[in-house]
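Colleague: Take a look at this one; I'll ask things after.
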Amino acid sequence: MSLEQHRKDGSRALSFAVITVSDTRGGPGQGGKPDLGGDLLVSSIEAAGHRIGLRDWCVDEAGPIEDCVRRALARADVDLVLSTGGTGIAPRDVTAPTLARLFEREIPGFGELFRWLSFREIGSATILSRACGGVIGGKVVLALPGSPKALRLAMDEIVLKEAGHLVAQARGPRTP
């Protein structure tokens, strides 16, 4: 099947889970600090004709991240999970290694392409990103940075263009 046919087959509206991973944004008791990254993901997804099946928040710790992701994956109405935040190299940034332990199949091209595209905008500072992707339980999970500028790049240049194709491939062949 051609790439164009795969994309056509995967062009239906999808349902996304958006998870904000942060010690300072989006969650209860965060002092009213806005979740700009999560808001940007939601608006991008909805503007592309998709829907939000779940919006969640967790602190940047392995246990809560795993719990949030598993909660999203358990929902029948969620096709694809996006997390925002916790993908840097600071000691508190544990999203990437936490998800890597859960991935049944890694999607190395996602992080590679994101960093390559980021290089055009921010230069060598892109090496600080641990954006990553993989498949868990037949569903795609992508870990994105928290920066709105980086999120816009990821959504416009990768995620929204490939979401249907990713979901279709992660689920495997259709039965007749």
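The values are calculated or read from the model by the stated rules, or taken from the named source; none is laboratory data. Treat the numbers as computed from the prediction; the structure is a model and nothing was measured. Heads up, the Cβs are rebuilt from the backbone with ideal geometry, glycines too, and the neighbour counts pull from every protein chain shown.
Colleague: Looking only at segment 121-129, decide whether some residue is modelled with pLDDT of 95 or more, among the aliphatic types (A, V, I, L, M) and in contact with a Cys (Cβ under 9 Å, 6 or more places away or on another chain).
Modeller: No; the residues of segment 121-129 include none that is modelled with pLDDT of 95 or more, among the aliphatic types (A, V, I, L, M) and in contact with a Cys (Cβ under 9 Å, 6 or more places away or on another chain).
Colleague: Provide a single number: the residues in segment 103-116 that are in a helix (DSSP H, G or I) and either surrounded by 17 or more Cβ atoms within 10 Å (Cβ to Cβ) or in contact with a Pro (Cβ under 6 Å, 6 or more places away or on another chain) (or both).
Modeller: Within segment 103-116, the subset in a helix (DSSP H, G or I) is 108-116.
Then drop every residue that is not either surrounded by 17 or more Cβ atoms within 10 Å (Cβ to Cβ) or in contact with a Pro (Cβ under 6 Å, 6 or more places away or on another chain) (or both), which leaves 110-111, 113-114.
The qualifying residues number 4.
Colleague: Go through the residues of segment 79-98 one by one and say whether even a single one is free of Cβ contacts under 8 Å to residues at least 60 places away in the same chain, outside any loop (DSSP other than H, G, I, E, B) and of a type in the set (S, T, N, Q).
Modeller: yes
Quick grid of which residues meet (1) surrounded by 17 or more Cβ atoms within 10 Å (Cβ to Cβ); (2) touching a strand residue (DSSP E or B) at 6+ places or on another chain (Cβ under 7 Å); (3) over 22 Å from T24 (Cβ atoms):
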position: A47; (1), (2), (3): no, no, yes
position: R51; (1), (2), (3): no, yes, yes
position: R55; (1), (2), (3): yes, yes, no
position: E61; (1), (2), (3): no, no, no
position: I65; (1), (2), (3): yes, yes, no
position: R75; (1), (2), (3): no, yes, yes
position: I89; (1), (2), (3): no, no, no
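Colleague: Moving on to the next point. Does S11 count as at pLDDT 95 or above and either surrounded by 13 or more Cβ atoms within 10 Å (Cβ to Cβ) or within 15 Å of V167 (Cα to Cα) (or both)?
Modeller: Numbers: at pLDDT 95 or above: no; either surrounded by 13 or more Cβ atoms within 10 Å (Cβ to Cβ) or within 15 Å of V167 (Cα to Cα) (or both): yes.
When the stated conditions are applied, S11 does not pass them.
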